[in-house]
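The values are calculated or read from the model by the stated rules, or taken from the named source; none is laboratory data. The structure displayed is predicted, hence computed values, not measured ones. Backbone-built Cβ (ideal geometry, glycine too); neighbour counts: all protein chains shown. Just the protein is used for accessible areas: all its heavy atoms, side chains included, with ligands, DNA and RNA removed. Shrake-Rupley method; radii C 1.70, N 1.55, O 1.52, S 1.80 Å.
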Amino acid sequence: YFSHLYISLINAGEISGNLIEVLQRLETYLDNTLKRKSKLISAAIYPSVVVVMTFGIIALINIVVIPKFKKSYEVLNIELPKITTTVLSTSTWLSTHWYLIIFTPILVFIAIKLLRFNRRVRYVTDYILLIIPLIGHINRKGNMSLFYRTLATLLHSGTTILNALKTSGSVIKNIVIY
C-alpha cells in the first residue's frame, strides 16, 4: 500500500522523464517530515513528564499524607472548617475510587479514537482541536505546512496543478481544514 502522494510523484516523474530526481525529492521530503515529527515528539516529552509527575505527586499527597492528618483531626474531636472537611472527603474518595482516576481517561481516549471513525464525530473532534488555544494553532500550522510542502514537492516534480492540489489536500489530517 502506497499513499496517493507517492503514486502521484512517481507518475509525474515517469511522465516528465525525471523519475530519479523525483525519487530523490521524495526522499528529501520524507526525511524532512520525519525530522519535524521527531522534533515535535521530543518537544512534547518534557511537558508530558511534568504533567504526569504533577498528577502523581497530587495523588500521593491525597492517598498517603492527608489520611494521616484525618486521623489527627479525629483524635482532636473538634469541628473543622468547611474547606478542611472538603479536602479530607476528597482524599477519602480518591483513596477508595483510585481506579476511576486511572481508567476513566484511558477509556475516554479509547472511546474517542473509536468514535472518530464516524465522520460527524471526527469533524467535531477536529474542530475542537482547532479551537483549543495553543494546540489549535500548532495543529493548523502543522497541517498547512504539510499541505504546502507536499504541493511544492508535487509541482516541482512536474505534476499538474489540479492533481497536485488534490493530492496535497488529501495529506491534511484535519477534516475541518480539508
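Among (1) surrounded by 11 or more Cβ atoms within 10 Å (Cβ to Cβ); (2) farther than 23 Å from Leu162 by Cα; (3) of a type in the set (Ser, Thr, Tyr), there is one condition Ser16 misses while meeting the rest; what is its number? If we test Ser16 against (1) surrounded by 11 or more Cβ atoms within 10 Å (Cβ to Cβ); (2) farther than 23 Å from Leu162 by Cα; (3) of a type in the set (Ser, Thr, Tyr), just (2) comes out false. Here Lys70 passes the criteria (1) open to solvent by less than 70 Å² (accessible area, probe 1.4 Å); (2) of a type in the set (D, E, K, R); (3) not in a helix (DSSP H, G or I) except the one numbered (3). Across region 141-168, the qualifying residues are those that are loosely packed, with under 15 Cβ neighbours inside 10 Å and within 24 Å of Ile41 (Cα to Cα), and the one among them that is nearest to the chain's Cα centre (by Cα) is Lys141. Selection of first residues in region 153-178 that are closer than 16 Å to Thr33 by Cβ and touching a residue at least 24 places away in the same chain (Cβ under 8 Å) and of second residues that are open to solvent by 70 Å² or more (accessible area, probe 1.4 Å) and among the aromatic types (Phe, Trp, Tyr), restricted to Cβ pairs under 6 Å at least 6 apart or on distinct chains, gives the following pairs, ordered by first then second residue: Ile172/Tyr178.
Out of everything in region 113-152 that is in a helix (DSSP H, G or I) and of a type in the set (D, E, K, R), what residue ends up being farthest from Lys37 (Cα to Cα)? Here the residue is Arg120.
A single entry from Ile138, Ile172, Ile131 fulfils the requirement of being open to solvent by less than 40 Å² (accessible area, probe 1.4 Å) and either β-branched (Val, Ile, Thr) or at positive phi (or both): Ile172.
For region 73-94, give me each residue that is open to solvent by 70 Å² or more (accessible area, probe 1.4 Å) and at pLDDT below 90. Tyr73, Glu74, Val75, Leu76, Asn77, Ile78, Glu79 - these are the residues of region 73-94 that are open to solvent by 70 Å² or more (accessible area, probe 1.4 Å) and at pLDDT below 90. For beta carbons closer than 7 Å, sequence separation of 6+ or different chains, a first residue in region 80-99 that is free of Cβ contacts under 8 Å to residues at least 24 places away in the same chain and a second that is open to solvent by 70 Å² or more (accessible area, probe 1.4 Å) and not charged (D, E, K, R), the qualifying pairs are Leu80/Tyr73.
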